[in-house]
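Written below as structure tokens is the structure these notes are about.
The values are calculated or read from the model by the stated rules, or taken from the named source; none is laboratory data. Because the structure is predicted, anything quoted here is derived from the model rather than measured. Cβ sites come from the backbone with ideal geometry, for glycine too, and all protein chains shown count toward neighbours. Just the protein is used for accessible areas: all its heavy atoms, side chains included, with ligands, DNA and RNA removed. Shrake-Rupley method; radii C 1.70, N 1.55, O 1.52, S 1.80 Å.
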There are 2 protein chains.
Amino acid sequence: MVAYVSDSFKKEIVQRMFRNFLDIMILNIVQDEPTWGYQIIKHVEEKYDIRLRHGALYPLLNNLERKQLLKRRKEAKGGRVRKVYEITSKGIQVVIAFNEFLQDYLQEQNTKTGI
Amino acid sequence: MVAYVSDSFKKEIVQRMFRNFLDIMILNIVQDEPTWGYQIIKHVEEKYDIRLRHGALYPLLNNLERKQLLKRRKEAKGGRVRKVYEITSKGIQVVIAFNEFLQDYLQEQNTKTGI
DNA sequence: TGAGATATGTCCCAAAGGGGACATATTGTA
DNA sequence: TACAATATGTCCCCTTTGGGACATATCTCA
């Protein structure tokens, strides 16, 4: 846990989200559209202003593939290797479970604070 | 990361949520109504079927108080000590930041998957 | 009076995880 | 031709975290 400072509250949350639920964040991104490691790093950097370490990402992608949450659709080449990942039905289930929990959680928040 | 098995997906998510965002989960519970450590443990066990270790919770509560996210309202006694916590305005900001991120995140999910 | 529930405190060891470094190869561009 | 960007792989050390244990005190009920 880091010090909470007014404006950086949200930034802090996003960072923790990516630190602790990186696998699910990745699944979400890949679900949106098939993509590859390097692009995921660029995407997250651009959208969330967060720097993912490739040293953490690539092993994770291989891991998710081993668990059959992702599948490597093709290796688009040109002399250069590129692993394009696609989400599996099992992967989608994980994303759905996550989203449902969040939905239930927020639902409660709303009923408590009066819509 | 643990193996994802169909039915236990959601359970798994809840556990990770409490493991990784325990502070915010606690802030939420306290925001709902002022309460104390022992009751939080019972509450979480009952509602989520998750066992919080008091060895982790009590230091965290003291920590949240030191950071002024919680304040100890009173020590209701009877010879026995009980620390009743209340959320602070700073604590509420953290909860709001968290909820807003989740809201934005789910919003995107919905627009992507069609409403 | 003795056991179980209530209530909180603190500490330590082992496991996990992340940051950073080391490594390699191709493509484009100045 | 040389550097920056693209693209992925792997490893290690250090910090963080959790689980479990040790500790204490009161209250209630059988």
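From the list A:Ile87, A:Ile40, which residue is of a type in the set (Val, Ile, Thr) and either within 14 Å of another protein chain (Cβ to nearest Cβ) or within 27 Å of B:Leu22 (Cα to Cα) (or both)?
Numbers: A:Ile40 fails: either within 14 Å of another protein chain (Cβ to nearest Cβ) or within 27 Å of B:Leu22 (Cα to Cα) (or both).
Among A:Ile87, A:Ile40, only A:Ile87 is of a type in the set (Val, Ile, Thr) and either within 14 Å of another protein chain (Cβ to nearest Cβ) or within 27 Å of B:Leu22 (Cα to Cα) (or both).
Any idea which residue in segment B:80-95 is surrounded by the most Cβ atoms within 10 Å (Cβ to Cβ), counting only those that are under 13 Å from the mean Cα position of the chain (by Cα) and in a helix (DSSP H, G or I)?
Among them, the one singled out is B:Gly91.
Identify, from the list B:Ala76, B:Ala56, the residue that is modelled with pLDDT under 90, more than 16 Å from A:Glu108 (Cβ to Cβ), among the aliphatic types (A, V, I, L, M) and within 16 Å of DNA strand C (Cβ to nearest atom). Give the derivation first.
Working: B:Ala56 fails: modelled with pLDDT under 90.
Selected residue: B:Ala76, the only one of B:Ala76, B:Ala56 that is modelled with pLDDT under 90, more than 16 Å from A:Glu108 (Cβ to Cβ), among the aliphatic types (A, V, I, L, M) and within 16 Å of DNA strand C (Cβ to nearest atom).
Anything in segment B:29-38 that is more than 13 Å from DNA strand D (Cβ to nearest atom) and either modelled with pLDDT of 95 or more or surrounded by 15 or more Cβ atoms within 10 Å (Cβ to Cβ) (or both)? List them, or say none.
Of everything in segment B:29-38, those that are more than 13 Å from DNA strand D (Cβ to nearest atom) and either modelled with pLDDT of 95 or more or surrounded by 15 or more Cβ atoms within 10 Å (Cβ to Cβ) (or both) turn out to be B:Ile29, B:Val30, B:Gln31, B:Pro34, B:Thr35, B:Trp36.
In segment A:39-58, which residue that is on the phi < 0 side of the Ramachandran plot and open to solvent by 100 Å² or more (accessible area, probe 1.4 Å) is farthest from DNA strand D (Cβ to nearest atom)? If you could, list the steps in order and put the result at the bottom.
Start the filter on segment A:39-58 by keeping residues that are on the phi < 0 side of the Ramachandran plot, which leaves A:39-48, A:50-58.
Filter once more, keeping what is open to solvent by 100 Å² or more (accessible area, probe 1.4 Å): A:46, A:51, A:53-54.
Values: A:Glu46: 11, A:Arg51: 13, A:Arg53: 7, A:His54: 4 Å.
Among those residues, the one meeting the criterion is A:Arg51.
Six or more apart or on different chains, Cβ atoms under 7 Å: show the pairs whose first residue is in segment B:44-64 and within 13 Å of chain A (Cβ to nearest Cβ) and assigned to a loop (DSSP other than H, G, I, E, B) and whose second is near DNA strand D (Cβ under 10 Å from one of its atoms) and open to solvent by 60 Å² or more (accessible area, probe 1.4 Å).
So the pair list comes out as B:Ile50/B:Gln15.
From the list B:Gln31, B:Gln107, B:Gln103, exactly one residue is out of contact with any Lys or Arg (no Cβ under 6 Å at 6 or more places or on another chain), closer than 30 Å to A:Ile29 by Cβ and at the interface with chain A (Cβ under 9 Å from one of its Cβ atoms). Which is it?
Numbers: B:Gln31 fails: closer than 30 Å to A:Ile29 by Cβ; B:Gln107 fails: at the interface with chain A (Cβ under 9 Å from one of its Cβ atoms).
On inspection, the qualifying residue turns out to be B:Gln103.
Is it the case, given these coordinates, that B:Arg66 is among the basic types (Lys, Arg), over 24 Å from A:Arg19 (Cα atoms) and away from DNA strand D (no atom under 16 Å from the Cβ)?
Details: among the basic types (Lys, Arg): yes; over 24 Å from A:Arg19 (Cα atoms): yes; away from DNA strand D (no atom under 16 Å from the Cβ): no.
It is false that B:Arg66 is among the basic types (Lys, Arg), over 24 Å from A:Arg19 (Cα atoms) and away from DNA strand D (no atom under 16 Å from the Cβ).
Out of everything in segment B:59-73 that is open to solvent by less than 60 Å² (accessible area, probe 1.4 Å) and more than 7 Å from DNA strand C (Cβ to nearest atom), what residue ends up being nearest to B:Ile13 (Cα to Cα)?
That would be B:Leu60.
How about segment B:8-43: which of its residues are small (Gly, Ala, Ser) and in contact (Cβ under 8 Å) with a residue 12 or more places away in the chain? Walk me through it before giving the result.
Step one: of segment B:8-43, the residues small (Gly, Ala, Ser) are B:8, B:37.
Scanning segment B:8-43 gives a single hit, B:Gly37.
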